[in-house]
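Working notes, beginning with the structure itself.
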Amino acid sequence: MKPAKSSPVQIARRGLMLVISSPSGAGKSTIARTLLEQDRQIGLSVSVTTRQRRPSEVEDVHYHFKSVREFERLRDSDALLEWAEVHGNFYGTPREPVEQAMAEGRDMLFDIDWQGAQQLQEKMSADVVSIFVLPPTMTELQSRLHRRAEDSEEVIQTRLANSRAEIGHWREYDYVIVNDDLNAAFDSVQSIVKAERLRRDRRHGMFDFVRGLLEETPSL
């Protein structure tokens, strides 16, 4: 007769803020999307933005699309955790859903640029796990932007011109991944998430667990 399986130990923890950044075309959005599909413990922090919606994007799923005036109202009322101007458009992170998720022990994923990552680090450094994704070559980065076929040639050239400055901030991140193979890059991100969830300082429930462990008297 097989012994009954015991229930897995549940230890309360605070959610982590997983930041993934990269220059446009390096693969952060694909990695983020796959992570959300495969890991139900992670929710997406949906940013607000003033840029035009692409044909493949869905309102309130990929972004909350706002006018400049609406964005400024959110920014000035402290309703955003961070905000930045990127490629001539504004982006920001709504505060309320993130703070609620963290308190409930749910992880939040941020697909944001280095400016937003800096602000999150300044405000909530203990909660942030940051990953920067690099392309294998600049030539490959340009090819990916063209294959995406969602931006005009002018926009693509602007993104390429800005990518060098963006890459210059790689040292500010906890982890750096070169996306020369998407599957390998994704596996690396998964490993980072698993390890960070086990950090002692994120698992506040460990105090009660260890206390109970030490008070337990095994029966003979």
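Within segment 207-220, track down each residue that is in a helix (DSSP H, G or I) and of a type in the set (Asp, Glu).
Asp208, Glu215 - these are the residues of segment 207-220 that are in a helix (DSSP H, G or I) and of a type in the set (Asp, Glu).
Among residues of segment 111-140 that are in contact (Cβ under 8 Å) with a residue 40 or more places away in the chain and surrounded by fewer than 18 Cβ atoms within 10 Å (Cβ to Cβ), those with a Cβ under 7 angstrom from a residue that is of a type in the set (A, V, I, L, M) and not in a loop (DSSP other than H, G, I, E, B), sequence gap 6+ or separate chain, pair up as Lys123/Leu81; Met124/Met17; Pro136/Val178. Within segment 34-54, the set of residues being within 19 Å of Pro94 (Cβ to Cβ), part of a loop (DSSP other than H, G, I, E, B) and touching a residue at least 60 places away in the same chain (Cβ under 8 Å) comprises Ser45, Ser47. Selection of segment 121-149 for residues being in a helix (DSSP H, G or I) and either polar (S, T, N, Q) or touching a Phe, Trp or Tyr at 6+ places or on another chain (Cβ under 7 Å) (or both) yields Gln121, Thr139, Gln142, Ser143.
For (1) part of a helix (DSSP H, G or I); (2) over 14 Å from the mean Cα position of the chain (by Cα); (3) touching a residue at least 12 places away in the same chain (Cβ under 8 Å), each residue gets a yes or a no:
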residue	(1), (2), (3)
Gly25	no, yes, yes
Ala32	yes, no, yes
Ser56	no, yes, yes
Val61	no, yes, yes
His64	no, yes, yes
Phe71	yes, yes, yes
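Every test in (1) aromatic (Phe, Trp, Tyr); (2) within 23 Å of Pro97 (Cβ to Cβ); (3) assigned to a helix (DSSP H, G or I) is passed by Phe110 save one, and that test is (3). Could you tell me whether any residue of segment 161-172 is within 23 Å of Ile192 (Cβ to Cβ), touching a Leu at 6+ places or on another chain (Cβ under 9 Å), of a type in the set (Phe, Trp, Tyr) and surrounded by fewer than 16 Cβ atoms within 10 Å (Cβ to Cβ)? Scanning segment 161-172, I find at least one residue that is within 23 Å of Ile192 (Cβ to Cβ), touching a Leu at 6+ places or on another chain (Cβ under 9 Å), of a type in the set (Phe, Trp, Tyr) and surrounded by fewer than 16 Cβ atoms within 10 Å (Cβ to Cβ), so the answer is yes. Filtering segment 150-206 to residues that are touching a residue at least 40 places away in the same chain (Cβ under 8 Å), in a helix (DSSP H, G or I) and polar (S, T, N, Q) leaves Thr158, Asn162, Ser163, Gln190.
Readers should treat all values here as calculations from the given coordinates under stated rules, not as data from a laboratory. All of these numbers come straight from a predicted model, not from anything done at the bench. Counting neighbours? That spans all protein chains shown, and the Cβs are built from the backbone with ideal geometry, glycine included.
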